[in-house]
1. Determine the pairs where a residue that is at negative phi, located within region 24-51, has a partner that is at pLDDT 75 or above with Cβ atoms under 7 Å apart, the partner being 6 or more residues away or on another chain.
2. Can you tell me which residue in region 38-71 is modelled with the lowest pLDDT, limited to those that are outside any helix (DSSP H, G or I) and open to solvent by 100 Å² or more (accessible area, probe 1.4 Å)?
Amino acid sequence: MKTETKIKRRNKIFRWTMFFLFLLFLTLYLSQATGYYEYEQSRKTAFTEEQIKQFEQDVKDGKEIDVNSYLENTNKNYQNNISKATLSISEAISKYMKLGIEKMFEGIAKIIEE
């Protein structure tokens, strides 16, 4: 009886895994087939061409030129409350581990010196 239950459970897990992988494949395939990636790339190219035209116009007009005003900001901030909390926990653990290791080596040094 237990063997049959294990087999049914494995089959269920296998089916769900295969279903998930199929959905993932289907999503990626449709995004490629519809040209989503190419659209995003062409949009970036169009944006760059607009920035070049704006730069050339500013040069012609004799305006003060700052290169950073023509560049697209590609820095993304991925921080959220969870990542901030885990970062602070990690830093606290690191701090106390460092203190503990330093104290341990100080103790070892005292034992060796005696």
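1. Hits for this filter: Y37/S31.
2. Of the residues in region 38-71, the ones outside any helix (DSSP H, G or I) are 62-66, 71.
Then drop every residue that is not open to solvent by 100 Å² or more (accessible area, probe 1.4 Å), which leaves 63-64, 71.
Numbers: K63: 81, E64: 81, L71: 68.
Filtering first and then ranking leaves L71.
The values are calculated or read from the model by the stated rules, or taken from the named source; none is laboratory data. Keep in mind that what you see is a predicted model, and the values were worked out from it rather than measured. Ideal geometry is used to build each Cβ from the backbone, glycine not excepted, and the neighbour counts take in all protein chains shown. Just so you know, the surface numbers come from the protein's heavy atoms only, side chains and all, with ligands and any DNA or RNA stripped out. Shrake-Rupley method; radii C 1.70, N 1.55, O 1.52, S 1.80 Å.
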